[in-house]
Amino acid sequence: MRAIDDYYFALRRLIDGKTQILPKGAPINNDSVSLEAGRKRGSIKKSRQEHKALIEAIEAASLIKSKTQNNRRPPEESDKQKLARISLQEDLLCLKKDYELALGKIISLTHQNHQLRQEIEFLRKFGGTAT
């Protein structure tokens, strides 16, 4: 699993209040997501391009959490949409992982098929007929 996947899963646990490392009710920020993902504080950096969407998701979740804690009201529709977007990003990461695994299997099978065809060709030339 890639580090970015760990961060998104850690963010989801912080949002749901089902943390594994940090105490329940921990603030949602870059450092808490890093720590919950089992990484060092400060490992999420704005300068890294791959962290851009993650930082936006963290900021959106933090904003939503602070609004709901301060006002004790259900989140607005736009807030719900932001949480849904975060969930969709997590789903997308899982699908990308599955896709990469499937591509690896296809490449492996294609290579094996090529080797078997070469072996059949060799046997036909030098060993008689192949069955």
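The values are calculated or read from the model by the stated rules, or taken from the named source; none is laboratory data. The structure presented is a predicted model; accordingly, all values stated were derived computationally and were not measured. FYI the Cβ positions are ideal-geometry reconstructions off the backbone, even for glycines, and counts take in every protein chain you see. When the accessible area is computed, the model is the full protein with side chains, heavy atoms only, and any ligands, DNA or RNA have been set aside. Shrake-Rupley method; radii C 1.70, N 1.55, O 1.52, S 1.80 Å.
Miscellaneous remarks
- Taken over the stretch 40-59, the criterion of being part of a loop (DSSP other than H, G, I, E, B) and within 15 Å of the chain's Cα centre (by Cα) is satisfied by I44 alone.
- Test: residue in the stretch 80-88 that is modelled with pLDDT of 90 or more and either open to solvent by 90 Å² or more (accessible area, probe 1.4 Å) or not aliphatic (A, V, I, L, M) (or both): yes
- Residue count for the stretch 36-53, restricted to those that are among the hydrophobic types (A, V, I, L, M, F, W, C) and surrounded by fewer than 20 Cβ atoms within 10 Å (Cβ to Cβ): 1
- Residue match in the stretch 25-33 (condition: β-branched (V, I, T), modelled with pLDDT under 90, open to solvent by less than 40 Å² (accessible area, probe 1.4 Å) and in a helix (DSSP H, G or I)): no
Residues checked against (1) assigned to a helix (DSSP H, G or I); (2) modelled with pLDDT under 90; (3) under 20 Å from G25 (Cα atoms); (4) open to solvent by less than 100 Å² (accessible area, probe 1.4 Å):
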| residue | (1), (2), (3), (4) |
| --- | --- |
| P75 | no, yes, yes, yes |
| L103 | yes, no, no, yes |
| S108 | yes, no, no, yes |
| Q112 | yes, no, no, yes |
| E119 | yes, no, no, no |
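- Test: residue in the stretch 11-21 that is open to solvent by 70 Å² or more (accessible area, probe 1.4 Å), among the hydrophobic types (A, V, I, L, M, F, W, C) and at pLDDT below 90: no
- Any hit, the stretch 31-51, residues being of a type in the set (D, E) and within 19 Å of L92 (Cβ to Cβ): yes
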